[in-house]
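Encoded as structure tokens, the structure appears first; notes follow it.
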């Protein structure tokens, strides 16, 4: 079998297409081999500044010594054991996340459950909300979420996701789910009643182009949940782990949710998701109601503990807020000079750049050619989710290149 060193990217793509299920279509024509700091390196030796971070996963960048050491140490001791037993990496992580959630639950620690992904965390949160009312002998079938949201790709989370393209091919879907316009307070209030078990919201919708909830909308969601008894589930899969400059985006909105979900950056690249519930809401699960073979295994929990160690030692949450403000200011200054930039959205190091023309895919490829990896959402939005360890200098270099790439795109468009 040929090694990567002797294969061209076209040969790698050809072989991949023969054996890999066509779920991703034509991927970006790069074969990534290694990472160091905030850079990735492909099979042809090219370096790229990683501004998408595995879609908000690689919060410590690549090859972080603390994370690498923790994974190696735990792998040598114990990679997996069943949840039949107790184990310390899981206990330690649950204790720490419970403490992190105290600002959300009026000073009380939350109760934690671990899965393997964001979709699994959201699935567990939905089950918990329904079980909460079932245990009271008053089942509530209704779940309300926002249009243009994204909550996962299992059948239930795809149904809760407010984008039909993620759910229509898989009908019939779980019933009882209602979608309302995002940031429309009246529509939300009209949809939530005493048959509603949960309102599920992202405070910044990432997959549809980095659209923040207004403070009034977020507060109205909490208020209507309190009025009706519905559980407020905040999906912090992308916005959590300090991405917005607070450990949970819910803190920025001064919310008191009932359940929050985490994943993506929690393990720094090792798959892990978490549900954190208020003590009241946690009563929805009793033994046998839910489980996970791999959820909370020692390796994933050791990785997540190392991520939290780095956060605390390097003050990465505050740093994300400071760097986010700095790069947003520079992007806004660029927008004043560059008419192609229509809007800058987001918080901290979760940033969407909206353009006045459908140039995002071409711009993304142009930036790759200059050594920068970003994400394109649809045809007119560029998304940035860099490691929280990225430097100000690296971000400044990106903004400089973005300005140059937009000039190149403008010239190309004018010549057509």
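Scan region 110-125 and give yes if some residue there is touching a helix residue (DSSP H, G or I) at 6+ places or on another chain (Cβ under 8 Å), in the same structural domain as residue 296 (by TED's automatic domain parsing), over 20 Å from residue 292 (Cβ atoms) and not in a strand (DSSP E or B), otherwise no. Among the residues of region 110-125, not one is touching a helix residue (DSSP H, G or I) at 6+ places or on another chain (Cβ under 8 Å), in the same structural domain as residue 296 (by TED's automatic domain parsing), over 20 Å from residue 292 (Cβ atoms) and not in a strand (DSSP E or B), which makes the answer no. Return a yes/no flag: does region 319-339 have any residue that is surrounded by fewer than 17 Cβ atoms within 10 Å (Cβ to Cβ) and closer than 20 Å to residue 119 by Cβ. No - not one qualifying residue is present in region 319-339. For residue 302, indicate whether it is outside the structural domain of residue 46 (by TED's automatic domain parsing) and surrounded by 18 or more Cβ atoms within 10 Å (Cβ to Cβ). Yes.
For (1) touching a strand residue (DSSP E or B) at 6+ places or on another chain (Cβ under 8 Å); (2) over 27 Å from residue 206 (Cα atoms), each residue gets a yes or a no:
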position	(1), (2)
22	no, no
32	yes, no
40	yes, no
65	no, yes
68	no, yes
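When restricted to residues that are more than 22 Å from residue 268 (Cα to Cα), at pLDDT 95 or above and touching a helix residue (DSSP H, G or I) at 6+ places or on another chain (Cβ under 9 Å), region 378-399 contains 7.
Being under 18 Å from the mean Cα position of the chain (by Cα) and surrounded by fewer than 14 Cβ atoms within 10 Å (Cβ to Cβ) is a condition met by at least one residue of region 373-384.
Does residue 379 satisfy being assigned to a helix (DSSP H, G or I), out of contact with any strand residue (DSSP E or B) (no Cβ under 6 Å at 6 or more places or on another chain) and over 20 Å from residue 50 (Cα atoms)? Here the answer is no, as residue 379 does not meet what is asked. Looking only at region 278-301, decide whether some residue is within 20 Å of residue 203 (Cα to Cα) and in contact with a strand residue (DSSP E or B) (Cβ under 8 Å, 6 or more places away or on another chain). Yes, region 278-301 contains at least one residue that is within 20 Å of residue 203 (Cα to Cα) and in contact with a strand residue (DSSP E or B) (Cβ under 8 Å, 6 or more places away or on another chain).
Yes/no per residue for (1) crowded, with 16+ Cβ neighbours inside 10 Å; (2) modelled with pLDDT of 95 or more; (3) at negative phi; (4) not assigned by TED's automatic domain parsing to the domain that holds residue 268:
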site	(1), (2), (3), (4)
23	no, no, yes, yes
42	yes, yes, yes, yes
54	yes, yes, no, yes
59	yes, yes, yes, yes
71	yes, yes, yes, no
85	no, yes, yes, no
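Taken over region 137-192, the criterion of being without any contact (Cβ under 8 Å) to a residue 12 or more places away in the chain and either on the phi > 0 side of the Ramachandran plot or not assigned by TED's automatic domain parsing to the domain that holds residue 115 (or both) is satisfied by 137 alone. Of the residues making up region 126-146, those that are in a helix (DSSP H, G or I), in contact with a strand residue (DSSP E or B) (Cβ under 7 Å, 6 or more places away or on another chain) and surrounded by fewer than 22 Cβ atoms within 10 Å (Cβ to Cβ) are 130, 133. Kindly indicate whether residue 104 is over 25 Å from residue 374 (Cα atoms), surrounded by 12 or more Cβ atoms within 10 Å (Cβ to Cβ) and touching a helix residue (DSSP H, G or I) at 6+ places or on another chain (Cβ under 7 Å). Yes, satisfied.
The values are calculated or read from the model by the stated rules, or taken from the named source; none is laboratory data. Predicted model, so just to flag it, every value in this text is computed and none were measured. Note that each Cβ is placed from the backbone with ideal geometry, even for glycine, and that neighbours are counted across all protein chains shown.
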